[in-house]
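First up is the structure itself, then whatever we jot down about it.
The values are calculated or read from the model by the stated rules, or taken from the named source; none is laboratory data. What you see is a predicted model; the values in this text were computed from it and never measured. Positions of Cβ are generated from backbone atoms using ideal geometry, with glycine treated the same way; all protein chains shown enter the neighbour counts. Heads up: the accessible areas ignore ligands, DNA and RNA and are worked out on the full protein's heavy atoms, side chains in. Shrake-Rupley method; radii C 1.70, N 1.55, O 1.52, S 1.80 Å.
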Amino acid sequence: MHEMSLCEGILQIIEDEAQKQQFTEVKQVILDVGVLSGVEITALEFAFEVIMQGTVAEKATLKINEIEAQAWCMPCSKTVNIKQRYDACPDCESYQLQVSGGDEMRIKELEVN
Amino acid sequence: MCTTCGCGTGEVKIEGHDHHHGHDHSHDHSHGDHEHSHGEQGHSHDHHHHEHSEQSQDIHYGTGPAHAHAPGLSQSRMVEIEQNILGKNDEYAKENRRFFTENGIFTLNLVSSPGSGKTTLLTRTINDLKDDLSLSVIEGDQQTTHDAERIRETGVSAVQINTGKGCHLDAHMVGHAMESLKPDKGSVLFVENVGNLVCPAAFDLGEAHKVAILSVTEGEDKPLKYPDMFFAADIMLLNKIDLLPYLEFDVEKCIEYARRVNPDIQVLQVSATTGEGMDTWYQWVQASRQMRLIGRADILSSDKSQKLVSV
């Protein structure tokens, strides 16, 4: 349950950017969140509303792009989609997978005034 | 705005109007899954679902709101951020790591669920290693200074961080703790994280290794239930193995599960109560530390334990 701290991190970045890029209102926050990032989307949405109160992003809506997880399967020598870290390769059922994506947790864009 | 070179900030672009778009120099934009093509006629966003007619009133600033704006008039602009949400923490972690490296401090981040025997394991470790190594401890708990007191009883200095409502330590807290702890050059710093197998996985503290402690009273499928932590850890200590005769705990299966999540994870079986297997853990600490100190004559010359580890 670190979604609260994540939202504090998001706010920190927004406030830094507000100074740098001279905006006073954030209308939308767009995040990339990988399915392996350990982020609970509903908890994040809840925390977002709470944390953003009284800030430049008070009225901002949150848009979350969920990023699929991928791994490199060594026996198959190709990239496969997975759902969890311990998943086997969907083709050859080997566990020799190297997770290559899906743990992203970043602010992609802000829509601002 | 182009985040590569900063060009085009606040540049007004009215779609459908025939004017030269000033963004015709070339460099690579990486915009994830959509593509911009910057031609003589300005932008063509191939993912736009609405048509821009000659009379279109859409106003784009810089690269424009593109896929995010509401149809029709929109005065807002999109600011590309592309920043990791934990970027601040990672910066602090980097600072901590630089400090640790410069001073030859070998830092271990101990993570586990509450009640796995972390503090017991740590106090035993300290008592067994304190003659050979200079040690210090950062204790993370939501409340109380009980654990730091337990550590101080061993004669080793400890700082307690109470996270209050927080569920994990972050790199900033650890950086602050260092100011009062002042660990010796060449020492070993143990950071006992808040008992939690979820959140501490995501927060880099600048440590050399995360050490996951799992006790056999917890169930062998914990690595699958909390894969992030076992993925982030380099070593797993399977604790309380003295209790195995009284439990139905499949050690092999537990190790197999841990390796499914993290094929590289090293597993040591220990009992902090009886001391069984603890020597393997000490060997790991000593050897891993020495690996990092190879070539560091400045640290090793004053090292308490001059002898190389015999494994």
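Once you have the Cα-Cα distance between B:T144 and B:I294, take 0.36 nm times their residue separation minus that, and quote the gain in nm to one decimal.
50.1 nm
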(request) Provide, for region A:2-112, the number of lysine pairs with alpha carbons under 21 Å apart, each pair being eight or more places apart or on different chains. (result) 7
(message) If I ignore ligands, DNA and RNA and count only protein heavy atoms, how much of A:V56 is accessible to a 1.4 Å probe, in Å² to the nearest 10?
(response) 40 Å²
(request) Please give the net charge around B:I213, taking every other residue with its beta carbon less than 11 angstrom from that of B:I213, where Lys and Arg add +1 and Asp and Glu add -1. (result) +2
(message) Bin width 5 Å, origin at 0, all Cα-Cα pairs of region A:2-112: what percent of pairs per bin?
(response) 2, 12, 20, 18, 12, 10, 9, 7, 5, 3, 0
(request) Would you calculate, for chain A, the mean residue ellipticity at 222 nm contributed by helices, counting each DSSP H stretch of 4 or more residues as -39,500 (n - 2.57) and dividing by all residues, to the nearest 500? (result) -9000 deg cm²/dmol
(message) Pairs of alpha-carbon atoms within less than 8 angstrom and 6+ residues apart define the contacts here; what relative contact order does region B:116-172 have, in percent?
(response) 34 percent
(message) Given a 1.4 Å probe and heavy atoms of the protein chains only, how would you sort B:R259, B:R98, largest accessible area at the top?
(response) B:R98, B:R259
(message) Rolling a 1.4 angstrom probe over the protein chains, ignoring ligands and nucleic acids, what is the accessible area of A:Y95 in square angstrom, nearest 10?
(response) 90 Å²
(message) Counting only protein heavy atoms, probe 1.4 Å: which residues of region A:61-108 lose 40 Å² or more of accessible surface in the full assembly compared with their chain by itself?
(response) A:R85, A:Y86, A:Y95, A:M105, A:R106, A:I107, A:K108
(request) Show the residues, 5+ positions off or on another chain, whose built amide H is closer than 5 Å to the amide H of B:Q160. (result) B:E139
(message) Placing +1 on the Cβ of each Lys and Arg and -1 on the Cβ of each Asp and Glu in region A:2-112, which of A:I10, A:L36, A:I82 has its Cα farthest towards the positive end of the resulting dipole?
(response) A:I82
(request) Report the net charge of residues surrounding B:Q143, where surrounding means a beta-carbon distance below 14 angstrom and charges are Lys +1, Arg +1, Asp -1, Glu -1. (result) -3
(request) Please get the size of the charge dipole for chain A, origin at its Cα centre, with Cβ charges of +1 on Lys and Arg and -1 on Asp and Glu, quoted in debye to the nearest 20. (result) 220 debye
(request) Using a 1.4 Å probe and counting only protein heavy atoms, arrange B:F231, A:F23 so the residue with the most accessible area comes first. (result) B:F231, A:F23
(request) Work through the residues other than B:T274 whose Cβ is under 14 Å from its Cβ and net out their charges, Lys, Arg +1 and Asp, Glu -1. (result) -2
(message) Using a Förster radius of 30 Å, what is the FRET efficiency between B:E102 and A:I41 based on their Cβ-Cβ separation? Nearest 0.05, please.
(response) 0.15
(request) Return a whole-number percent for the relative contact order of chain A, with Cα pairs under 8 Å and 6 or more residues apart as the contact set. (result) 36 percent
(request) Take A:K59, A:K78, B:K210, B:K165 and sort them by solvent-accessible surface of the protein heavy atoms, 1.4 Å probe, largest at the top. (result) B:K165, A:K59, A:K78, B:K210
